[in-house]
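Report on the structure given below.
What follows draws every value from the coordinates through simple rules; no lab data is involved. Just so we're clear, the structure is a prediction, and the values are computed from it rather than from any experiment. Please note: Cβ atoms are built from the backbone with ideal geometry, for glycine as well, and neighbour counts cover all protein chains shown.
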There are 2 protein chains.
Amino acid sequence: MIDFYEVIGLVAAFITTASFLPQVFKTHKTKDTSGLSLTMYITFFIGIVLWLIYGIHLKSLAMILANSITAVLSFYLVLMKLKYK
Amino acid sequence: MIDFYEVIGLVAAFITTASFLPQVFKTHKTKDTSGLSLTMYITFFIGIVLWLIYGIHLKSLAMILANSITAVLSFYLVLMKLKYK
C-alpha cells in the first residue's frame, strides 16, 4: 500500500509539474520564444536531470514521475527556443 | 560523511533554486507584476510546501533546503503580486 507521505509527494509532483504546463502550451502554440532565456532553460533542464538521478536513488516514485515529465518539457522548450529564435 | 547522491541532490537544489532567482530579482526591482499569474504562483507555492513536507519525511537535506528557499521566494512573489497588482 502506498503510504500517506508518498501521496503528499505525488500531489506535490502533480501540482508543480502542472504549473509548468501553461508555459509549454503557450510556447508550442505561439512559437514565440522571445521571452524565454535559453541559458535559464538549459540550466533548469540540467538541474531537473540531477533531481531525477537523486529521485531514482531515493526510490521516490513522486520524484521520478515529476522530474521525468519536467525534464522532457523543459528540453522541449530548449528545442523550441533553438528552432524559433 | 555526505554521500555521492546527496551531493547530486544538493547540486540539483542549488541549480533549480538559482534558476528561480532572476524572476524574484526582476519583480523586486521593477515592481512590475503584470506578467505574473497569481493563480499559478499560489498553486506553485502549495506544491512546494508539499514537496517540503515530503522532503522532511525522506530526511533529504537537498529537498528541505531547496523547497524551504523556493517556498519563501514564491510566497514573496505572491505578496508582491497582491501589493502591486
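Residues A:PHE44, A:PHE25, A:PHE20: which one is free of Cβ contacts under 8 Å to residues at least 40 places away in the same chain and under 12 Å from the mean Cα position of the chain (by Cα)? If you could, list the steps in order and put the result at the bottom.
On the way: A:PHE25 fails: under 12 Å from the mean Cα position of the chain (by Cα); A:PHE20 fails: free of Cβ contacts under 8 Å to residues at least 40 places away in the same chain.
When all the criteria are applied, what remains is A:PHE44.
Specify which of the listed residues (A:VAL7, A:VAL72, A:VAL49) is crowded, with 17+ Cβ neighbours inside 10 Å and of a type in the set (Val, Ile, Thr).
So the residue among A:VAL7, A:VAL72, A:VAL49 that is crowded, with 17+ Cβ neighbours inside 10 Å and of a type in the set (Val, Ile, Thr) is A:VAL49.
If you take the residues of the range A:60-72 that are more than 10 Å from chain B (Cβ to nearest Cβ) and in contact (Cβ under 8 Å) with a residue 24 or more places away in the chain, which of them is farthest from the chain's Cα centre (by Cα)?
The qualifying residue farthest from the chain's Cα centre (by Cα) is A:LEU61.
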Look through A:VAL11, A:VAL24, A:VAL7 and report the one residue that is farther than 16 Å from B:ASN67 by Cβ and facing another protein chain (nearest Cβ under 10 Å). A:VAL7
Can you say whether B:LYS31 is surrounded by fewer than 21 Cβ atoms within 10 Å (Cβ to Cβ), without any contact (Cβ under 8 Å) to a residue 60 or more places away in the chain and at positive phi, as far as the supplied structure shows? yes
Name the one entry in A:LYS26, A:LYS81, A:LYS85 that is basic (Lys, Arg) and not in a helix (DSSP H, G or I). A:LYS85
Against the definition (out of contact with any Phe, Trp or Tyr (no Cβ under 7 Å at 6 or more places or on another chain), over 11 Å from A:ALA12 (Cβ atoms) and not polar (S, T, N, Q)), how does B:LEU73 come out, yes or no? no
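Looking for whichever is closer than 16 Å to A:SER19 by Cα and aromatic (Phe, Trp, Tyr) here; the options are B:PHE44, B:PHE4. Which one fits?
Values: B:PHE4 fails: closer than 16 Å to A:SER19 by Cα.
One residue alone meets the criteria, B:PHE44.
Please determine whether any residue of the range B:52-59 is assigned to a helix (DSSP H, G or I) and away from chain A (no Cβ under 13 Å). I'd like the intermediate steps shown before the answer.
Step one: of the range B:52-59, the residues assigned to a helix (DSSP H, G or I) are B:52-57.
Checking the rest, the ones that are also away from chain A (no Cβ under 13 Å) come to none.
Looking for residues that are assigned to a helix (DSSP H, G or I) and away from chain A (no Cβ under 13 Å), one finds none in the range B:52-59, hence no.
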